[in-house]
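Engineer: Before I ask anything, let me first share the structure, which is written out below as structure tokens.
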Amino acid sequence: MRPPACGLPARRISLANFPALSIILLVVLLCMRSEPAHARPPDALRVRLEAGPGPYYEGQGIELAALVLGRDQRPRIELPRLSHAEIWTAGTSFKPVSATGIGSVESGDNLYITRLRIVPRRSGPLEIPPILARIDGRSGRSGPLRLTVEPVPFEGRPAEFLGGVGEFSVQASVMPTTIRVGQEFIYRIGLTGPAAWGTTSRPDLSRFDRIPLALRVEPLPDERTSKPPSVTFVYRIRPTRAGSGVVPPVAIAAFDPRSMRYITKVTQGVPIKAAAVPAFDPRTINYTAPDGDRNRRIAWASTALVLILCAFLGLALVIRRRRRPARQTSLRQAQRIARRMVRELSNTTGEAGASEGCEGEVARRIIAGLIAYARLGIGRPPGALTPSEARSVVHELTRSDDLGSQAAALVARCDGCLFSQRQTGHDAEQLVANARELFRALGRASVSRTPEAPISEPQARASE
């Protein structure tokens, strides 16, 4: 007889024996490999959905296994939506089932196991649609799975039953344990274990009325986690009367499917205390006159304003002191350029006028020196220098109107040498003399004082 095809409804297996799946995996693998070719596309994944043995109860965490036959990559499982149940992934594993080798390279099939968990919210038939698995563009679906969910037994069901099925533990806590009347406690009841998945109602706190503190109980949102399974019931408790007492134990019951009976567990009692609010003492009231308060506020405001102004002045002083060394460094670099130009122009002999075009060469050197002086002194970008720009640069670095005018006249004279037709040796010698005197003055000049040897007024007029 031929094994059933993978598209048929899945069989139910015991998931409690997942660590020892050798026999089950062998049967599943034979089923997957022996599936007829016409039942699925050639490149479709082999997917199978298995469930543990029943019976299944409403609120119980039911474990399923999605089995996918693949090679090196783990499949991506897409879970269906269930109308009256919750489903999520509980873990993954794999098991090698075959291997082949060519030289040192080996490859083989792996059976990937994805554990799923379903919590039904009502009794009756539960239809689980096919599970979709994907690996690198390949996909495959399992067959649908039909489970029958039974209601928990009505016989012997205690009033403390909250809907949970399975093992659980409970504990209670109060924070803080001592407060004043009118303040609030935070009371927590924690339930951990598989029974937390199916818990849908809150425990009964009617016994809290017996505490002589006149408690007002306000429920807060529950705190739930699926892994590990837990639910915490949170309450805000406000005492309206001073005194002490013990928060009574709270009973919670859940159905145990193994023993087929209900199990009830009780939290521990927690002592609490509410201290009385101190009585009102009229002598503690301060009857300070309004004018005194107003004067005190004005004094505080004035002090704060003075402190703010002092802080701004101090900040401005610090910024100014930080900028001063940088400006002095720039000025020294500019003076160094000026002194170098004096040495270079001093090496220029009277041979400048011996040949035509030497006057233009001297003018270019003078303009280049002034451009370098401006770049290092004030950070001016390289480029053509006009007479007005030369006046502004020299005045900013030396604070001397006379030197600024001489620099402007020298630049104008150099422009005339470069762009006019009159170029004589005498003009070149006079241009070198005027430039040497100006650079000598700039090399000695500083921002705080006038240069010691400015160029004379007749020489400035002659350069123009």
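The values are calculated or read from the model by the stated rules, or taken from the named source; none is laboratory data. Since the structure is predicted, the reported quantities are computational estimates derived from the model, not experimental observations. Heads up, the Cβs are rebuilt from the backbone with ideal geometry, glycines too, and the neighbour counts pull from every protein chain shown.
Engineer: On the given criteria, is ILE298 more than 30 Å from ALA172 (Cβ to Cβ), of a type in the set (A, V, I, L, M) and either surrounded by 10 or more Cβ atoms within 10 Å (Cβ to Cβ) or at pLDDT below 80 (or both)? Quick ask: steps written out before the conclusion?
Structural biologist: Numbers: more than 30 Å from ALA172 (Cβ to Cβ): yes; of a type in the set (A, V, I, L, M): yes; either surrounded by 10 or more Cβ atoms within 10 Å (Cβ to Cβ) or at pLDDT below 80 (or both): yes.
Yes; evaluated as a whole, the condition is true for this residue.
Engineer: Same structure again: Would you mind telling me which numbered condition in (1) within 24 Å of GLY124 (Cα to Cα); (2) touching a Phe, Trp or Tyr at 6+ places or on another chain (Cβ under 7 Å); (3) not hydroxyl-bearing (Ser, Thr, Tyr) PHE154 fails?
Structural biologist: Unmet for PHE154, out of (1) within 24 Å of GLY124 (Cα to Cα); (2) touching a Phe, Trp or Tyr at 6+ places or on another chain (Cβ under 7 Å); (3) not hydroxyl-bearing (Ser, Thr, Tyr): (2).
Engineer: On to the next question. Looking at ILE24, ILE87, which one is modelled with pLDDT under 80 and under 30 Å from VAL152 (Cβ atoms)?
Structural biologist: Values: ILE87 fails: modelled with pLDDT under 80.
Sole residue among the options that is modelled with pLDDT under 80 and under 30 Å from VAL152 (Cβ atoms): ILE24.
Engineer: Check segment 423-440 and report whether any residue there is modelled with pLDDT under 85 and hydrophobic (A, V, I, L, M, F, W, C).
Structural biologist: Scanning segment 423-440, I find at least one residue that is modelled with pLDDT under 85 and hydrophobic (A, V, I, L, M, F, W, C), so the answer is yes.
Engineer: Take the residues in segment 391-413 that are under 24 Å from VAL362 (Cβ atoms) and basic (Lys, Arg), then tell me which one is surrounded by the fewest Cβ atoms within 10 Å (Cβ to Cβ).
Structural biologist: ARG391
Engineer: Another question about this same structure. Please determine whether any residue of segment 228-235 is over 24 Å from TYR57 (Cβ atoms), free of Cβ contacts under 8 Å to residues at least 60 places away in the same chain and not β-branched (Val, Ile, Thr).
Structural biologist: Here is the first cut: in segment 228-235, the ones over 24 Å from TYR57 (Cβ atoms) are 234-235.
The next check asks that each one be free of Cβ contacts under 8 Å to residues at least 60 places away in the same chain; those that pass are 234-235.
Retained after the next criterion (residues that are not β-branched (Val, Ile, Thr)): 235.
Checking segment 228-235: at least one residue is over 24 Å from TYR57 (Cβ atoms), free of Cβ contacts under 8 Å to residues at least 60 places away in the same chain and not β-branched (Val, Ile, Thr).
Engineer: Do we have SER104 as of a type in the set (Gly, Ala, Ser), in contact with an Asp or Glu (Cβ under 8 Å, 6 or more places away or on another chain), at pLDDT below 90 and farther than 24 Å from VAL149 by Cα here?
Structural biologist: No: the conditions fail for SER104.
Engineer: Sticking with this one: Hey, can you tell me all the residues within segment 139-167 that are assigned to a loop (DSSP other than H, G, I, E, B) and on the phi > 0 side of the Ramachandran plot? Lay out the reasoning, then the answer.
Structural biologist: If we filter segment 139-167 for residues that are assigned to a loop (DSSP other than H, G, I, E, B), which is where we start, we get 142-144, 151-160, 166-167.
Of everything in segment 139-167, those that are assigned to a loop (DSSP other than H, G, I, E, B) and on the phi > 0 side of the Ramachandran plot turn out to be GLY156, GLY166.
Engineer: Kindly evaluate THR200 against the criterion of being polar (S, T, N, Q), surrounded by fewer than 19 Cβ atoms within 10 Å (Cβ to Cβ) and outside any strand (DSSP E or B). I'd like the intermediate steps shown before the answer.
Structural biologist: Details: polar (S, T, N, Q): yes; surrounded by fewer than 19 Cβ atoms within 10 Å (Cβ to Cβ): yes; outside any strand (DSSP E or B): yes.
Yes, satisfied.
Engineer: While we're on this one: Using the structure shown, decide if ALA334 is at pLDDT below 85, more than 48 Å from the chain's Cα centre (by Cα) and surrounded by 12 or more Cβ atoms within 10 Å (Cβ to Cβ). Lay out the reasoning, then the answer.
Structural biologist: Values: at pLDDT below 85: yes; more than 48 Å from the chain's Cα centre (by Cα): yes; surrounded by 12 or more Cβ atoms within 10 Å (Cβ to Cβ): yes.
The answer is yes for ALA334.
Engineer: Inspect segment 179-195 for any residue being more than 30 Å from ALA85 (Cβ to Cβ), among the basic types (Lys, Arg) and not in a strand (DSSP E or B) and give the result as yes or no.
Structural biologist: Taking segment 179-195 first, the residues more than 30 Å from ALA85 (Cβ to Cβ) are 179-187.
Applying the additional criterion that residues be among the basic types (Lys, Arg) yields 180.
With the extra rule that they be not in a strand (DSSP E or B), the set shrinks to none.
No, there is no match, as no residue in segment 179-195 is more than 30 Å from ALA85 (Cβ to Cβ), among the basic types (Lys, Arg) and not in a strand (DSSP E or B).
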